[in-house]
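*Asks:* Pasting a structure here, questions to come.
Only the coordinates and a few stated rules stand behind these numbers; no lab work does. In this text the structure is predicted, and so the values were computed from the model without any measurement. Backbone-built Cβ (ideal geometry, glycine too); neighbour counts: all protein chains shown.
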Amino acid sequence: MSVYKNECDKRLVELALCGDNLAFEELVIRHERAVVGTAYKITCDHYMAKDAAQEAFVAVWIQLKALTSQSKFGAYACAIAKNYAKKMVMRDRLISTVSLSDFENWEFDDVDRGNTQQVVDDDIYDRLHVEMESLSDKIKETIRLHYFNGLSVKEIAYRLDVPEGTVKWRLSEGRKQLQKGFGVMDKKNHSVENPSLVALVMERIQELELYRLKNNRRGLQEVYQSALEAVEDLHEETNKNYLLASILYNGAQYERPDMTRWKEAILAGHNDMMMCHFTSWENYHLDGQEKIDFMREVQIPFLQEHQFSLSVGYVYLMMAFEYFWEHRYEEALETVKQAKELLEPTSEYYANAVSAISAWSKMLAVPGSIPTFRGEHIKKINGSFYYCENPGIIFEDTRFRDFSRCDSCILDTNLALGESRVSSCGYVTYTFKEEHATVETPAGVFEDCRVYEVRGEYPGRGSLPSFSYYSTFCFCDGIGLVYQKVETNGQNGKECRCYLLSDYEIKGGKGWLPLFMGNRWAYTDVWNETHTTKYDAYYEVTSWNGTDAMLAAEEITYTPKNEEVSS
């Protein structure tokens, strides 16, 4: 739910004038139906009406300072849409049922201006398109897809194969550039950043994020320093600090961030995701009841005061984990339910809460069982899938984590049959081993499967002994992972596990790993007769935007009653 859902239009306009893009987006959502409907009365064509509405919202953003009665935003947007619709009818002659003579010498509607001045005229219409041409290609394309073609942020992210955050950033920068071009920026504000400079910073951040996925992070120092230098060249303070907070965090694997500077950047840029990470670092040295008290009495009130809603939910989630470690299971379950209500479904923390509720409920129902659960973030990059963030209580690796040892890649669809890729550390090899394989599982027999192999040979270092790892896993088109076999050989000897798909539900998506909200998979392990414990694993997609999927992942270890674990 939008954080501004209950705000009045006047307040939303005030926030938008202060640079709050979410406030303007709430205005668009709130009045979209009325604005499109107004345009439709003129065009009698749904697509033309939607185009007119998108044009109108861009124009109203540009002229927002001219709106003297901010509570009449809806009427203002409808009037502009009506005028654009009339222009479309006259200019393109698309609606044969409308007589153009009816529109000769017509007046633009006067809305909240106190005179008969036009709200939108031909000069503004033409200048808008001229200013659009001055934008960088990426920002211009994003602006057109959103405001002129009517695509949502999620749809644009899917079409352009970029994260939603990148789409929102381009829309924000595009609007600022258009405002600057029309000369309506407040003179006391800094000038809008050069799009190429902003793009440079975003590229550096994405490069830093990719380094976090690699086994070997050689070169991170140079990328980190380059990103810092790039963001220092920005002038617009809110965006500068928002980006700086992300850079300091992503570079933390090279250099622990200055906590004071990091917190100042988070607050100045109101970077809610980075505040989640900061709270974790801030209370890391505490444990047990002392940590619970600090989260409840210090962190949560501070976050609520500064309106970091995602971080409040995150702290409740961490508090639930602390209750768990204290064996206060009922309190843990109630607290994680509270966290789930506060978190957004697009976050891996929400997925973590979903998996925790399910796993703890099963644990309480089956005494002696041990839960493993995570919120897993899988990112699609250039057609392949990578394993990213994974907050949660960890006893052992889950299925996707278990075969992501080659620079976090879980499915490389770009490999040809027999082709391999080697990890950045040089110790792990990922190979497309076989195609058209048949796999028999409790969920059915799957044909035409692809078989991949991950093999790792890790040398001993200091007191750490050498370690070898081997995993074979199979994907079925339209289904996903159907089989995995894992062999490890280390200090504790050799161990082998095999997991088979036991149940699944595919609500949407396609390909070798169909990711779609509500898709779920269950797996059961196959051990030899000497083992008396049983493992069941469960996955459910809680969010998918075309590039990023959040999965609720859990495994339950238990001893079957009155039955032997067969091979």
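*Asks:* Give the long-range amide H neighbours of G511: residues separated by 5 or more places, or on another chain, with amide H under 5 Å away, using H modelled in the peptide plane at 1.01 Å from N.
*Replies:* HN-HN under 5 Å from G511: G478.
*Asks:* Under a Cβ-Cβ cut-off of 15 Å, what is the net charge of the residues other than Q304 that fall near it, where Lys and Arg count +1 and Asp and Glu count -1?
*Replies:* Once positives and negatives cancel, what remains is -3.
*Asks:* For the residue pair E222 and R328, what label-to-label distance in nm results when each label sits 7 Å from Cα along the Cα-to-beta-carbon direction?
*Replies:* Using points 7 Å along Cα→Cβ, the separation is 5.1 nm.
*Asks:* Here's another thing I want to ask about it. Is any residue of the stretch 277-296 close enough, with backbone N under 17 Å, to a label point placed 7 angstrom from the Cα of T260 along the Cα-Cβ axis, and if so, which?
*Replies:* 282
*Asks:* Using θ = phi - 60° and the Karplus form 6.51 cos²θ - 1.76 cosθ + 1.60, what ³J(HN,Hα) does each residue of the stretch 226-232 get, whole Hz, x for Gly and Pro?
*Replies:* Taking θ as phi minus 60°, the curve returns 4, 5, 4, 5, 5, 6, 5 Hz for the stretch 226-232.
*Asks:* Another question about this same structure. Over 19 Å between Cα atoms: which of K154/K510; K214/K379; K214/K433; K50/K72; K154/K340 fall into that group?
*Replies:* Long pairs (Cα-Cα over 19 Å): K214/K433; K50/K72; K154/K340.
*Asks:* How much net charge surrounds I266 when only other residues with a Cβ under 13 Å from its Cβ are counted (Lys, Arg +1; Asp, Glu -1)?
*Replies:* That works out to -1.
*Asks:* Still on this structure, please answer the following. In whole Hz and in residue order, list the ³J(HN,Hα) couplings for the stretch 367-378 that follow from phi through the Karplus curve 6.51 cos²θ - 1.76 cosθ + 1.60, θ = phi - 60°; x for Gly and Pro.
*Replies:* Those phi angles translate into x, x, 6, 10, x, 10, 8, 8, x, 9, 10, 10 Hz.
*Asks:* Give me the percent of Cα-Cα pairs in the stretch 302-354 that sit more than 17 Å apart, rounded to a whole number.
*Replies:* 32
*Asks:* Could I ask something else about it? Where does each of V35, V89, V312 land when they are ranked from fewest to most other beta-carbon atoms within 10 angstrom?
*Replies:* Ordered from fewest to most neighbouring Cβ atoms within 10 Å, V35, V89, V312 come out as V89, V312, V35.
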